[in-house]
Amino acid sequence: MERKHKSGFVNIVGNPNVGKSTLMNRLVGERISIITSKAQTTRHRIMGIVNTEDMQIVYSDTPGVLHPNYKLQESMLNFSESALGDADVLLYVTDVIETVDKNEEFLLKVQKVDCPVLLLINKIDQTNQADLEKLVAQWKELLPKAEIIPISALSKFNIDYVKQRVEDLMPDSPPYFEKDALTDKPARFFVTEIIREKILLYYQKEIPYSVEAVVELFKEDDEMIHIKALIIVERDSQKGIIIGHKGQALKKVGAMARKDIERFFGKKVFLEMFVKVEKDWRNRDNILKNFGYQLD
Ligand SMILES: Nc1nc2c(ncn2[C@@H]2O[C@H](COP(=O)(O)OP(=O)(O)OP(=O)(O)O)[C@@H](O)[C@H]2O)c(=O)[nH]1
Ligand SMILES: [Mg+2]
């Protein structure tokens, strides 16, 4: 007898910095999403696909939900809200640091979704039993239908249990993507994300938020991949900071990025990076569209 195939969208949403991308990578078992200690690390909806013979689970990582100040952030919010609409299972991630009233507006929307919701309280390595129990009780009031699961994405606590629950909840369906697909994003996307991760890690304050990375050339032969990337900033002064004294800063960031890109593709990489000023790009529709952000 032919076995039934199951498939569905499992969408990961929540406030900035709660550990959505860390969780996504744990669930998929690959480094799909970049992770940093800074909020607003993720800017796109990124799919990570897990395939077995009779199941395909399509996880989506999304940007942390926040009130938009720029058009860029409007697009980020669109990605997060789109994930409420097409989920077969919603993973609403919070952590032991934020309070339950952090974002009531978004919580209202989560309360209204029809699909099963797993409320994941992350970073339980940072709390104690008594405080956790209090938090669980508070969330139980706010989302009575949700199944509450305390986890630690970092120390892999309860991750296998979440995987199991997700599998239990997958509907019968043919696969949505090729059965060997790992993600919906092209290779170039991961190059720009790795570069952005290094910029988030290396530069302070407003700089990382004013930066976008673009791949101008991605040429692969048997031996290596040749990549030309542009780092877009908003102002001349930021260009100077990115490059640094005698080009030292950019050189360091480039070396760190190259190592990770090599690891990602399992191949030698020749990476060239240039810095370009696009005034106020975070508010310009056309530029944002070119960078892959959608606006209403
Ligand atoms: N202590 C602890 N830290 C964690 C855990 N999970 C994630 N973190 C840390 O929390 C920070 C944010 O993690 P991310 O996975 O980037 O969070 P995010 O929700 O994707 O953030 P945005 O994309 O900015 O919305 C990083 O420094 C992680 O290492 C956990 O279980 N315990
Ligand atoms: Mg993230």
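The values are calculated or read from the model by the stated rules, or taken from the named source; none is laboratory data. Treat the numbers as computed from the prediction; the structure is a model and nothing was measured. Glycine gets a Cβ as well: all are built from the backbone with ideal geometry, and neighbour counts include every protein chain shown. Just so you know, the surface numbers come from the protein's heavy atoms only, side chains and all, with ligands and any DNA or RNA stripped out. Shrake-Rupley method; radii C 1.70, N 1.55, O 1.52, S 1.80 Å.
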Listed by chain and number, the aspartates and glutamates with an alpha carbon less than 14 angstrom from that of Lys276, same-chain partners under 8 positions apart left out, are Glu212, Glu216, Glu234, Asp236
Rounded to the nearest Å, the spacing of the alpha-carbon centers of the stretch 82-118 and the stretch 1-32 is 15
In Å², rounded to a whole number, the accessible area per residue of the stretch 25-89 with probe 1.4 Å is 35
Here D for the stretch 187-290, in µm²/s, from Stokes-Einstein with a Kirkwood Rh over Cα pairs at 4 °C and 1.567 mPa s, works out to 93
With the charge dipole of the chain built from beta-carbon charges (+1 for Lys and Arg, -1 for Asp and Glu) about the Cα centre, the Cα from Ile149, Ile195, Met170 projecting farthest to the positive end belongs to Ile195
Ranked by GNM mean-square fluctuation in the chain (Cα springs under 10 Å), the top entry among Pro175, Pro186, Pro208 is Pro186
Here the net charge surrounding Pro16, from other residues whose Cβ is less than 12 Å away from its Cβ (Lys, Arg +1; Asp, Glu -1), is +2
Relative contact order in percent for the chain (Cα pairs under 8 Å, 6+ apart) equals 18
If one builds a Gaussian network model of the chain from Cα atoms under 10 Å apart, the most fluctuating residue listed among Met47, Met224, Met256 is Met224
Surrounding charge for Glu223, neighbours by C-beta under 13 angstrom, Lys/Arg +1, Asp/Glu -1, total -1
Computed about the Cα centre, the charge dipole of the chain from +1 Lys/Arg and -1 Asp/Glu charges at the Cβ has a magnitude in debye, to the nearest 20, of 1160
Partner lysines whose C-alpha sits under 23 Å from that of Lys268, ignoring same-chain residues fewer than 8 away, are Lys185, Lys198, Lys219, Lys228, Lys251, Lys252, Lys259
Magnitude of the Cβ-charge dipole (Lys and Arg +1, Asp and Glu -1) of the stretch 6-169 about the Cα centre, nearest 20 debye, reported as 400
By the C-alpha gyration tensor axes a ≥ b ≥ c (rounded if a/c is under 1.5, else prolate when a/b exceeds b/c, else oblate), the shape of the stretch 6-169 is rounded
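Quick one: pull the percent of accessible area on the stretch 6-169 belonging to carbon and sulfur, 1.4 Å probe, ligands and nucleic acids left out.
49
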Given 37 °C, 0.692 mPa s and a Kirkwood radius over Cα pairs, the Stokes-Einstein diffusion coefficient of the chain in µm²/s is 162
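Among DSSP beta bridges whose residues both lie in the stretch 192-296, state the antiparallel percentage, nearest 5.
Values: 8 of 18 bridges.
Antiparallel: roughly 45 percent of the beta bridges in the stretch 192-296.
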The stretch 251-296 accessible area per residue, 1.4 Å probe, protein heavy atoms, integer Å², reads 63
Counting only DSSP beta bridges with both partners in the chain, the antiparallel fraction in percent, to the nearest 5, comes to 35
So, over other residues within a Cβ distance under 12 Å of Ala83, counting Lys, Arg +1 and Asp, Glu -1, the net charge is -1
Interchain or sequence-distant (5+) residues whose placed amide H lies within less than 5 Å of the amide H of Leu120 are Tyr92, Val93, Thr94, Ile149
The stretch 158-185 and the stretch 198-277 have their Cα centres apart by a whole-number Å value of 33
